[in-house]
Amino acid sequence: MASRGANVVLSRANRMKTKLQSALSASVLEIEDVSHQHAGHAGVKGSDGETHFNVKIVSPNFEGQSLVKRHRMVYDALADELQSGLHAISIVAKTPQETGAK
Amino acid sequence: MAKSLSSLLFKGLAGLPATRTNRIVVPGFNYQHGMRYSTTVPNDPDTHDDFKPTNKLENSSLSLRDVVELDVQQNPVMIYMKGVPDAPQCGFSSLAVRVLNLYNVPLSARNILEDAELKNAVKSFSNWPTFPQIFIKGEFIGGSDIILNLHQTGELKEKLNDIAANQKTE
């Protein structure tokens, strides 16, 4: 059960990575599976467990865009995944400048 | 002050009786979240189509999209979430409620887990795929990441200032 879940997670995470990379030409792209934190949570029951991710993206495309806009860009890139059981993503979306400033 | 706020928060999260600032029923119109449509259509062949019962949604001129639109117009702070403010059923919804509760503003909420059609209507209204979704004075704000970010940058305080002020004078 656990290993089957892990395989599914791996494949979804990989697909997400590819899609985000090509859509947003990210310079930093970190995807962390946190589905285990949401196991058994209402609305997730019955799915395979590859549902929740933390995503950190640094992309020049975010320049001049509001937070809502940036999140939409991420959601747009992942539309297929959201259709097929991806439940929630926690998104950190920054421009290269914003990360440099820290 | 901080102490009383956090105890208030804790109360809310523990699912004890609703705090003053949380209301779940949206005033002004009577669409109930989780409302069930009538599914009993009599199979009487003599009944003309015009007289067959239809579901409530068709009967009322209110589409679910209208419901959402009215929600966000009539409620200064509207949240569509998993669970209810006193008992969120998702960590992200819980986080959003905790952040909003810091500001002592009236919070209107609908539980999208109770109504899949409403859930879809909200998604298409905002063109946003996940929950919670927060609207302030009719403006779509975003989900829990964004509300937390606005809280941290101080923008949320500005957005909620006049709502909190209205609360005090009422």
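The values are calculated or read from the model by the stated rules, or taken from the named source; none is laboratory data. Please read all numbers here as calculations on a predicted model, not as lab measurements. Ideal geometry is used to build each Cβ from the backbone, glycine not excepted, and the neighbour counts take in all protein chains shown.
Kindly provide the set of residues from segment A:12-38 that are on the phi > 0 side of the Ramachandran plot and surrounded by 14 or more Cβ atoms within 10 Å (Cβ to Cβ), ordered by number.
Step one: filter segment A:12-38 for residues on the phi > 0 side of the Ramachandran plot, giving A:25.
Answer for segment A:12-38, where residues must be on the phi > 0 side of the Ramachandran plot and surrounded by 14 or more Cβ atoms within 10 Å (Cβ to Cβ): there is none.
Residue pairs whose Cβ atoms lie under 6 Å apart, sitting 6 or more positions apart in sequence or on different chains, and linking a residue in segment B:150-161 that is without any contact (Cβ under 8 Å) to a residue 24 or more places away in the chain to a partner that is part of a helix (DSSP H, G or I), are B:L150/B:L156.
Look at B:K168 and say whether it is over 22 Å from A:I89 (Cβ atoms), away from every other protein chain (no Cβ under 12 Å) and modelled with pLDDT of 95 or more. So B:K168 fails the test.
Take B:S124 and tell me if it is closer than 16 Å to A:D76 by Cβ, hydroxyl-bearing (S, T, Y) and in contact with a helix residue (DSSP H, G or I) (Cβ under 9 Å, 6 or more places away or on another chain). Judged against the criteria, B:S124 is a match.
When segment B:120-150 is filtered for residues that are within 9 Å of chain A (Cβ to nearest Cβ) and among the basic types (K, R), nothing remains. Listed by first and then second residue, the pairs linking a residue in segment A:67-94 that is facing chain B (nearest Cβ under 10 Å) and in a loop (DSSP other than H, G, I, E, B) to a residue that is of a type outside the set (A, V, I, L, M) and surrounded by 20 or more Cβ atoms within 10 Å (Cβ to Cβ), with Cβ atoms under 8 Å apart and 6 or more places separating them unless they lie on different chains, are A:L86/A:R12; A:L86/A:E50; A:L86/A:T51; A:L86/A:F53; A:H87/A:T51; A:H87/A:H52; A:H87/B:T130. If the condition is being modelled with pLDDT of 75 or more, farther than 14 Å from A:V55 by Cα and part of a helix (DSSP H, G or I), then segment A:4-39 contributes A:S11, A:S22, A:A23, A:H36, A:Q37.
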